[in-house]
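What follows is a set of notes on a single structure, which appears directly below.
The values are calculated or read from the model by the stated rules, or taken from the named source; none is laboratory data. Given the structure is predicted, the values throughout are model-derived calculations rather than measurements. So basically every Cβ, Gly included, is an ideal-geometry build from the backbone, and we count neighbours across all protein chains shown.
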Ligand code: ATP
Ligand code: MG
């Protein structure tokens, strides 16, 4: 069976650190996000936003429980978890190879599907900005993605999430590395192209980016200080 069937996340008493005996970066967080909700996460630099995204996939040391679709992630194979949930990090690392290989590493989809995803994610809107001409599925990606801007890498990672049909998408927006235009392309792709049942968590640096979120989580020093609809903040 395909898992998870929905994008429901329940977090109970989640703490996290970067090494076994290292300081706690997140302190006993508990919250519930329903399937299909759009959540914005804000907080000053170092407040724990990226650490929260990593701890949801147990990429760092965690205590407490995370349930996806009612299943405790401790009882789920980490590979299965990480292939069903997409995190777009602040600076995505890509594989060297073609765009096609990055979008579809196991060669499971046809070109039309991949091109549709690139279009939906907004990559072609950046076309004219690139000095080396048209982007196609055969365009080369340098190791790590170094020949693409951080914004283009995030858009590519978003296209990959669309191809995979992820039920849960976590976008950790790039900060200074991303220009306003690229940011607005990503936001409009998210608004228009993701199906209604996809849960979206956006770590945002501009409040404007997440004003239409269902709820906004405010982090401060590894604690949740607010988790409410934008109009109640
Ligand atoms: P920004 O807005 O700058 O992206 P953030 O809210 O994402 O900040 P985090 O990166 O989650 O903040 O950092 C939270 C805390 O974790 C900080 O005290 C930071 O120093 C620490 N931290 C982050 N990454 C690591 C790491 N790889 N090893 C050890 N500590 C880390
Ligand atoms: Mg961060």
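Does segment 41-58 contain at least one residue that is in contact with a helix residue (DSSP H, G or I) (Cβ under 9 Å, 6 or more places away or on another chain), within 20 Å of residue 230 (Cβ to Cβ), outside any loop (DSSP other than H, G, I, E, B) and within 16 Å of ligand 2 (Cβ to nearest atom)?
The answer is yes; a qualifying residue exists.
Taking residue 20 as the residue in question, decide whether it is more than 16 Å from ligand 2 (Cβ to nearest atom) and surrounded by fewer than 13 Cβ atoms within 10 Å (Cβ to Cβ).
Yes.
Suppose we filter segment 52-67 for residues that are modelled with pLDDT of 90 or more, more than 14 Å from ligand 1 (Cβ to nearest atom) and either within 14 Å of residue 9 (Cα to Cα) or surrounded by 14 or more Cβ atoms within 10 Å (Cβ to Cβ) (or both); how many remain?
4
Would you confirm, using the coordinates I've provided, whether residue 214 is under 23 Å from residue 52 (Cβ atoms), in contact with a helix residue (DSSP H, G or I) (Cβ under 9 Å, 6 or more places away or on another chain), in contact (Cβ under 8 Å) with a residue 12 or more places away in the chain and more than 16 Å from ligand 2 (Cβ to nearest atom)?
Details: under 23 Å from residue 52 (Cβ atoms): yes; in contact with a helix residue (DSSP H, G or I) (Cβ under 9 Å, 6 or more places away or on another chain): yes; in contact (Cβ under 8 Å) with a residue 12 or more places away in the chain: yes; more than 16 Å from ligand 2 (Cβ to nearest atom): yes.
Spelling it out, residue 214 is indeed under 23 Å from residue 52 (Cβ atoms), in contact with a helix residue (DSSP H, G or I) (Cβ under 9 Å, 6 or more places away or on another chain), in contact (Cβ under 8 Å) with a residue 12 or more places away in the chain and more than 16 Å from ligand 2 (Cβ to nearest atom).
Report yes if residue 82 is on the phi < 0 side of the Ramachandran plot, surrounded by fewer than 16 Cβ atoms within 10 Å (Cβ to Cβ), touching a residue at least 12 places away in the same chain (Cβ under 8 Å) and within 16 Å of ligand 2 (Cβ to nearest atom), otherwise no. Before the answer, list the steps.
Numbers: on the phi < 0 side of the Ramachandran plot: yes; surrounded by fewer than 16 Cβ atoms within 10 Å (Cβ to Cβ): yes; touching a residue at least 12 places away in the same chain (Cβ under 8 Å): yes; within 16 Å of ligand 2 (Cβ to nearest atom): no.
Considered against the rule, which asks whether it is on the phi < 0 side of the Ramachandran plot, surrounded by fewer than 16 Cβ atoms within 10 Å (Cβ to Cβ), touching a residue at least 12 places away in the same chain (Cβ under 8 Å) and within 16 Å of ligand 2 (Cβ to nearest atom), residue 82 comes out as no.
Mind checking whether some residue in segment 177-198 is at pLDDT below 80 and within 14 Å of ligand 2 (Cβ to nearest atom)?
Yes.
Does residue 198 satisfy the condition of being within 30 Å of residue 97 (Cα to Cα), within 16 Å of ligand 1 (Cβ to nearest atom) and crowded, with 18+ Cβ neighbours inside 10 Å?
Values: within 30 Å of residue 97 (Cα to Cα): yes; within 16 Å of ligand 1 (Cβ to nearest atom): no; crowded, with 18+ Cβ neighbours inside 10 Å: yes.
Spelling it out, it is not the case that residue 198 is within 30 Å of residue 97 (Cα to Cα), within 16 Å of ligand 1 (Cβ to nearest atom) and crowded, with 18+ Cβ neighbours inside 10 Å.
Exactly one condition in (1) more than 16 Å from ligand 2 (Cβ to nearest atom); (2) surrounded by fewer than 22 Cβ atoms within 10 Å (Cβ to Cβ); (3) assigned to a loop (DSSP other than H, G, I, E, B) is not met by residue 148; state its number.
That leaves (2) as the condition not met.
Considering each of 33, 88, 39, 135 in turn, give the residue that is away from ligand 1 (no atom under 16 Å from the Cβ), buried (at least 17 other Cβ atoms within 10 Å of the Cβ) and modelled with pLDDT of 90 or more. Before you say what the answer is, go through the steps one by one.
Values: 88 fails: away from ligand 1 (no atom under 16 Å from the Cβ); 39 fails: away from ligand 1 (no atom under 16 Å from the Cβ); 135 fails: modelled with pLDDT of 90 or more.
Exactly one of 33, 88, 39, 135 is away from ligand 1 (no atom under 16 Å from the Cβ), buried (at least 17 other Cβ atoms within 10 Å of the Cβ) and modelled with pLDDT of 90 or more, namely 33.
Do we have residue 170 as more than 16 Å from ligand 1 (Cβ to nearest atom) and touching a helix residue (DSSP H, G or I) at 6+ places or on another chain (Cβ under 8 Å) here?
Numbers: more than 16 Å from ligand 1 (Cβ to nearest atom): no; touching a helix residue (DSSP H, G or I) at 6+ places or on another chain (Cβ under 8 Å): yes.
No, not satisfied.
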